[in-house]
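Notes for the one structure printed next.
The values are calculated or read from the model by the stated rules, or taken from the named source; none is laboratory data. These numbers come from a predicted model, not from an experiment. Cβ atoms come from the backbone with ideal geometry, glycine included; neighbour counts cover every protein chain shown. Keep in mind that these areas ignore ligands, DNA and RNA; they rest on the heavy atoms of the full protein, side chains included. Shrake-Rupley method; radii C 1.70, N 1.55, O 1.52, S 1.80 Å.
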Amino acid sequence: MTKNKICFNLVRMSESLNVREILEWYLTAGVDETCGDVPFALQKDIQPQKIAPMPVAQSSAPTIEQKTNDAPRLATTELAQATVSACQNARELCSKAETISALKELVEGFDGCALKLTANKTVFGYGNEHAKLLLIGEAPGADEDRSGIPFVGRSGQLLEKMLAAVGIKRDECFITNILPWRPPGNRTPTEGEVAVCLPFLKRQIDLVNPEIIMILGGSAANALLDNAEPISKLRGKWLEYKTSDGKKIPVLASFHPAYLLRNSGQKAKAWADMLRMKQKLCNI
Ligand code: URA
């Protein structure tokens, strides 16, 4: 949601809801930062004080007209079509990028994913473009959204420590995410959002051409490996990712650092995964 729309809605909603209800509504919608103390319109033609109050719903029971309304189905079809064409557009754009910096520029200019509207920055992959090890997370969080660099918040700090413990410096690796834009409020990305952004990740893999891929977390593993297995089943064993030109890259999935911050009892398994990854790297 753009900032002017937030202010616009706040004026309308404040006519019928109390402050607590309004804030709860925003949190549910994924808004977790304010941009000022008073509403303001970024667009000159929007004048908050002149907006009519939102009509209060008379009854929550669906009317016959609502029941037979085809609008939601049409909207869903349109959304699905838009997603398919955005995926195709992303794939075509990606194939034109011959370097990581060209791809970064393409992703920054891409408008086919609505997550970009609510994000502050595009968080593209970062690090050594010739790395042997490529790490993939799910999506930027608030810190990454502010800085434009993946894994710089608490999860990133833990990841950096884990890599250091097996003798790997962060800047030796290339670190990226399934999504280059933060989902509002860190919500789980939709299948459509993942599908639209996946070509960007796959092209990063092609261009970096790593020897090993380490995936952090179940959602990232499911997205790249195109399966629905829980991370508890996927982690700890060598899997494979096949690039568009048929190269097979060994993949190791492990727990996401954010999960480890909440479940320190799982750190031993994550540590075993780090050692497994390091051993393979040494044998290449
Ligand atoms: N979590 C992720 O999956 N990626 C980041 O960049 C930061 C947190």
Original post:
If ligands, DNA and RNA are left out, what is the accessible area of residue 76 with a 1.4 Å probe, given in Å² to the nearest 10?
Top reply: 90 Å²
Original post:
For the stretch 159-222, what is the convex hull (Cα atoms) projected area averaged across all directions, in square nanometres?
Top reply: 5.2 nm²
Subject >> Bins of 10 Å, starting at 0 and running to the largest distance - Cα pair percent for the stretch 104-153 >> reply: 24, 52, 22, 1
Subject >> FRET efficiency, 1/(1 + (r/R0)^6) with R0 41 Å, evaluated for residue 19 and residue 91 via beta carbons >> reply: 0.35
Original post:
How big is the accessible area of residue 232 in square angstrom, nearest 10, if you roll a 1.4 angstrom probe over the protein chains?
Top reply: 80 Å²
Subject >> Å² per residue, accessible surface of the stretch 135-203 at 1.4 Å >> reply: 38 Å²
**OP:** Using R₀ = 41 Å, calculate the FRET efficiency as 1/(1 + (r/R₀)^6) where r is the Cβ-Cβ separation of residue 209 and residue 70; round to 0.05.
**Re:** 0.25
Subject >> Full-extension gain in nm, residue 266 to residue 142, via 0.36 nm per residue minus C-alpha separation >> reply: 42.2 nm
**OP:** Within the stretch 247-267, find all residues whose amide N lies under 15 Å from a label point positioned 7 Å from the Cα of residue 279 along Cα-to-beta-carbon.
**Re:** 252-253
Original post:
So, with a 1.4 angstrom probe, what is the percent of accessible area on the stretch 134-260 that is carbon and sulfur?
Top reply: 48 percent
